[in-house]
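Here is the structure we will look at, set down as structure tokens.
The values are calculated or read from the model by the stated rules, or taken from the named source; none is laboratory data. Computed from a predicted model, the values in this text were never measured in an experiment. Every residue, glycine among them, receives a Cβ derived from its backbone with ideal geometry; neighbour counts consider all protein chains shown.
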Amino acid sequence: MLLLPTAHSKLPTPNSPPIHTSASHANMSSNHNKVLIASDHAGFALKEALEAELKALGYEVDDLGPGSEASTDYADYAHPLAARVSSGEAERGVLLCGTGLGMSYTANRYPHVRAAVAWTPEIAALARKHNDANVLVVPARFVSDEDAIAILRTWLGTPFEGGRHEKRVDKIERDPDAVDPHA
């Protein structure tokens, strides 16, 4: 059974020690005070609610757009966020679109980005504990504002377990010199 943060649980704040421990990103600079956030039109309203929650928790939020519910293409917002997480400029990001799938497909094309679609707090906790997810992707058309806030709070409050999971996470990154064992 997973223990999830509640409204009374102590959540990490920007002054908490960094929670990222994966060796695959250990040499990159990080800014654990900053959380990037972006959406497409389907996720715009929920993005605004999650941005307010992040600010209330004391995080510096960099909203990468969009600025309205006008129709947009998810990739136009996922690429800039993923590039900045990949470079280490920000340690974490939050993406929102209708299903979460388009945003996750786009973000996961970047080195060191582990974007996880989470539709329950339990999925968010496992994404952090076992996969060191550094980008949370919320399927805005399938979760309520309250559920999305619980998902966000759980994701923020769950550390990566490391151990047996660390070697698995390290295997995600491509080694350009590696030989494909299935070739």
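Apart from one condition, ALA75 fits all of (1) among the hydrophobic types (A, V, I, L, M, F, W, C); (2) more than 22 Å from ILE149 (Cβ to Cβ); (3) touching a strand residue (DSSP E or B) at 6+ places or on another chain (Cβ under 7 Å); the exception is (3). Taken as a whole, the range 136-146 holds at least one residue that is crowded, with 22+ Cβ neighbours inside 10 Å, more than 13 Å from the chain's Cα centre (by Cα) and not β-branched (Val, Ile, Thr).
For the residues TYR105, TYR77, the requirement of being among the aromatic types (Phe, Trp, Tyr), surrounded by 15 or more Cβ atoms within 10 Å (Cβ to Cβ), out of contact with any Leu (no Cβ under 9 Å at 6 or more places or on another chain) and part of a helix (DSSP H, G or I) singles out TYR105. Restricting attention to the range 108-129, the residues that are of a type in the set (Gly, Ala, Ser) and either farther than 27 Å from GLU146 by Cβ or in a loop (DSSP other than H, G, I, E, B) (or both) total 1. Exactly one residue among GLU69, GLU48 is part of a loop (DSSP other than H, G, I, E, B), among the acidic types (Asp, Glu), at pLDDT 95 or above and farther than 30 Å from GLY163 by Cβ, and that residue is GLU69. Applying the criterion of being within 26 Å of GLU89 (Cα to Cα) and polar (S, T, N, Q) to the residues of the range 108-135, the residue that is surrounded by the most Cβ atoms within 10 Å (Cβ to Cβ) is ASN134.
The condition (being in contact with a Lys or Arg (Cβ under 7 Å, 6 or more places away or on another chain) and either of a type in the set (Asp, Glu) or in contact (Cβ under 8 Å) with a residue 24 or more places away in the chain (or both)) is satisfied by just one residue among LEU81, LEU96: LEU96.
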